[in-house]
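Q: If you scroll down you'll find the structure; I have some questions about it.
The values are calculated or read from the model by the stated rules, or taken from the named source; none is laboratory data. Quantities reported herein were computed from a predicted structural model and do not represent experimental measurements. Heads up, the Cβs are rebuilt from the backbone with ideal geometry, glycines too, and the neighbour counts pull from every protein chain shown.
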Amino acid sequence: MKKNCLLWLLVAAMAMTSCQDEFIKNENKTSDKIGYSVNMTELSSPYRTRSGEIASSHEVEIDDVNGMIDGKQVYLHTITDMVVPMDIKQIKSENQPQSRAAEKTVADVDEIGVTSVVWNGTSWAAASDHRVYMDNVLAESTAFQTNYYWPAAEEYIRFFAIYPYTDGPKIIADDKKNPKIQWTVPEDVTKQHDILVASNNYAGHHKATANLNFAHALTAVQFKLASGLAGVKVTAVRIKGVYYQGTYTYNFDNCTTKIVDDKTYYLDGGEWEVVMADDKKRDFATTGPADASTEDEMLINGGDKTFMMMPQTLPDGATIEVDITDAHGSETLTASLKDKVWNKGTKVTYVLTFNGKDIVVSVDGNPGWSGAGGEINAGF
């Protein structure tokens with residue numbers, strides 16, 4: 001009899017827990033489930049920050065390189081695209097591990113993680129009753145369905161989202177006002193994820209599609225040989241002595257905005273706090289193309305060889321090295337990166353060239369992170 005009573009109590013406790021979980025999902029709910037669209041809208045320059053400042057699209061710097069190609073002085077053009085197209089790479093193909101090798105369109109997105117915080121009143125900063133409503137909820141497939149509903153009319157809800165979900169960082173909401181993610185850049189460049197973040201908030205009775213506009217949280221780094229360097233074979237590229245760990249804190253109140261077709265898109269305004277210590281520096285390397293260069297410009301490390309780096313002001317000792325072979329033999333070209341800045345959401349391209357004066361920057365529609373927009377309607 002005692003065993004039967006214990007069994008009954010266990011079953012009853014499990015039932016109560018299940019009911020409590022369902023109550024949490026449906027507490028103060030309206031009649032509609034939450035749904036949102038996942039956007040990768042390109043915010044091309046100029047765009048306006050929250051403070052009204054107009055931001056430029058790219059910057060260019062010239063530096064000397066230690067080493068020569070074909071017996072000639074080489075220069076390093078650093079091109080920083082300040083705003084890059086909203087695109088998703090690293091999409092997990094069916095029955096295959098997650099990879100950045102194949103660039104996909106927004107239609108290929110198959111998973112995101114969402115945390116949401118609910119509060120009373122209109123002021124996020126002044127409120128003191130923030131509570132986590134959704135905690136790293138996985139939304140996957142084309143339907144993106146869960147069992148969560150819009151909160152009551154007197155409440156407000158703020159969403160914090162991350163991509164990818166499976167192999168990416170999870171959102172930490174211990175401090176409900178300042179959810180964050182922690183990330184360590186993998187040493188293997190082919191396992192370096194293109195982390196995307198998004199945030200937005202709505203009144204609790206919104207009961208319509210909520211918009212999440214994802215932005216790149218890291219810095220993409222690529223290398224090129226300029227036109228006119230025919231016959232040069234790049235065997236390896238290395239980035240040495242850079243920081244690789246950090247914590248990103250979401251900040252919707254500092255977001256940037258763009259209006260497209262009368263629709264407002266927001267990009268989360270959060271920042272990274274990088275772990276800056278001598279024992280927290282790392283070297284990263286990848287191989288070059290199989291073929292030697294022609295007269296045309298050549299991308300050295302595209303696709304899954306693109307470095308996805310922690311945004312930072314580069315420390316003393318940070319360098320790049322490029323191993324090349326030309327008609328004169330083999331050589332390692334080097335250049336210092338000290339005090340250079342990798343901003344979040346930018347693509348930095350290092351171009352090796354004989355040109356030390358005139359700079360011509362062509363920004364095409366596909367500067368490395370391709371995809372010119374589109375959206376996925378996702379129902380929560």
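Q: Scan region 298-333 residue by residue and report those that are over 15 Å from Lys281 (Cα atoms), of a type in the set (S, T, N, Q) and surrounded by 15 or more Cβ atoms within 10 Å (Cβ to Cβ).
A: Asn301, Thr306, Thr325, listed by residue number.
Q: Follow-up. Which residue pairs have Cβ atoms under 7 Å apart, sit 6 or more places apart or on different chains, and have a first residue in region 323-336 that is under 12 Å from Thr235 (Cα atoms) and aliphatic (A, V, I, L, M) and a second that is surrounded by fewer than 18 Cβ atoms within 10 Å (Cβ to Cβ) and at pLDDT below 90?
A: As it stands, the answer is Leu333/Gly67, since those pairs meet every condition given.
Q: When only residues in region 103-125 that are part of a strand (DSSP E or B) and at pLDDT below 90 count, which is surrounded by the most Cβ atoms within 10 Å (Cβ to Cβ)? Working first, answer last.
A: Taking region 103-125 first, the residues part of a strand (DSSP E or B) are 111-120.
Next, from what is left, pick out any that are at pLDDT below 90: 111-112.
Numbers: Glu111: 19, Ile112: 25.
So, considering only residues that are part of a strand (DSSP E or B) and at pLDDT below 90, the one surrounded by the most Cβ atoms within 10 Å (Cβ to Cβ) is Ile112.
Q: I'd like the full set of residues that are at pLDDT 85 or above and more than 26 Å from Gly302 (Cβ to Cβ), limited to region 198-211.
A: Looking only at region 198-211, we keep the residues that are at pLDDT 85 or above, and these are 198-204.
Within region 198-211, Ser199, Asn200, Asn201, Tyr202, Ala203, Gly204 meet the criteria.
This table checks each residue for (1) out of contact with any strand residue (DSSP E or B) (no Cβ under 7 Å at 6 or more places or on another chain); (2) surrounded by fewer than 17 Cβ atoms within 10 Å (Cβ to Cβ).
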residue	(1), (2)
Pro186	yes, yes
Ala203	no, yes
Thr219	no, no
Val234	no, no
Thr256	no, no
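Q: Residues to consider are Ile157, Ile195, Ile171; find the one that is at pLDDT 95 or above and either on the phi > 0 side of the Ramachandran plot or not basic (Lys, Arg) (or both). Please lay out each step first, then the result.
A: Details: Ile157 fails: at pLDDT 95 or above; Ile195 fails: at pLDDT 95 or above.
The conditions single out Ile171.
Q: In addition: Collect the residues in region 317-355 that are outside any strand (DSSP E or B) and over 28 Å from the mean Cα position of the chain (by Cα), keeping them in residue-number order.
A: Step one: list which residues in region 317-355 are outside any strand (DSSP E or B), which gives 317-318, 327-328, 337-340, 343-345, 354-355.
Answer for region 317-355, where residues must be outside any strand (DSSP E or B) and over 28 Å from the mean Cα position of the chain (by Cα): Ala327, His328, Phe354, Asn355.
Q: Which ones in region 260-297 are crowded, with 17+ Cβ neighbours inside 10 Å and without any contact (Cβ under 8 Å) to a residue 24 or more places away in the chain?
A: None - no residue of region 260-297 is crowded, with 17+ Cβ neighbours inside 10 Å and without any contact (Cβ under 8 Å) to a residue 24 or more places away in the chain, so the list stays empty.
Q: Also, I was wondering about something else. Quickly run through region 207-217 and pick out the residues that are surrounded by fewer than 18 Cβ atoms within 10 Å (Cβ to Cβ) and touching a Phe, Trp or Tyr at 6+ places or on another chain (Cβ under 8 Å). Break it down into steps so the answer makes sense when it comes.
A: Initially, region 207-217 is screened for residues surrounded by fewer than 18 Cβ atoms within 10 Å (Cβ to Cβ), giving 207-209.
Residues satisfying the conditions are Lys207, Thr209.
Q: So which of Gly246, Gly241, Gly269 ends up being at pLDDT below 95 and either under 27 Å from Tyr163 (Cα atoms) or touching a Ser or Thr at 6+ places or on another chain (Cβ under 7 Å) (or both)? Step through it out loud before you land on a result.
A: Values: Gly246 fails: at pLDDT below 95; Gly241 fails: at pLDDT below 95.
When all the criteria are applied, what remains is Gly269.
Q: Checking Lys338 against (1) surrounded by fewer than 15 Cβ atoms within 10 Å (Cβ to Cβ); (2) over 15 Å from Thr78 (Cβ atoms); (3) in contact with a Leu (Cβ under 7 Å, 6 or more places away or on another chain): exactly one of these is not met. Which one?
A: (2)
Q: Further question on the same structure: Is one or more of the residues making up region 90-98 outside any strand (DSSP E or B), under 25 Å from Lys338 (Cβ atoms) and modelled with pLDDT under 60? Before the answer, list the steps.
A: Just the residues of region 90-98 that are outside any strand (DSSP E or B), to begin with: 90-98.
Now drop any that are not under 25 Å from Lys338 (Cβ atoms), which leaves none.
No, region 90-98 contains no residue that is outside any strand (DSSP E or B), under 25 Å from Lys338 (Cβ atoms) and modelled with pLDDT under 60.
Q: Go through region 126-161 and count every residue that is touching a residue at least 60 places away in the same chain (Cβ under 8 Å) and assigned to a loop (DSSP other than H, G, I, E, B).
A: Residues flagged as touching a residue at least 60 places away in the same chain (Cβ under 8 Å) and assigned to a loop (DSSP other than H, G, I, E, B) within region 126-161 amount to 11.
Q: Applying the selection to region 269-299, what residues are in a loop (DSSP other than H, G, I, E, B), within 30 Å of Phe354 (Cβ to Cβ) and either of a type in the set (Gly, Ala, Ser) or within 22 Å of the chain's Cα centre (by Cα) (or both)?
A: Gly288, Ala290, Ala292, Ser293
Q: Name the strands (runs of 3 or more DSSP E) wholly within region 162-266 that hold at least 2 residues that are closer than 29 Å to Ser293 by Cα?
A: Values: elements: 180-184, 196-203, 210-213, 219-225, 233-243, 245-249, 256-260.
So the answer is 219-225, 233-243.
Q: Just checking, which of Thr235, Thr306, Thr286 is closer than 26 Å to Gln182 by Cβ and modelled with pLDDT of 95 or more? Reasoning before the result, please.
A: Details: Thr235 fails: closer than 26 Å to Gln182 by Cβ; Thr306 fails: modelled with pLDDT of 95 or more.
One residue alone meets the criteria, Thr286.
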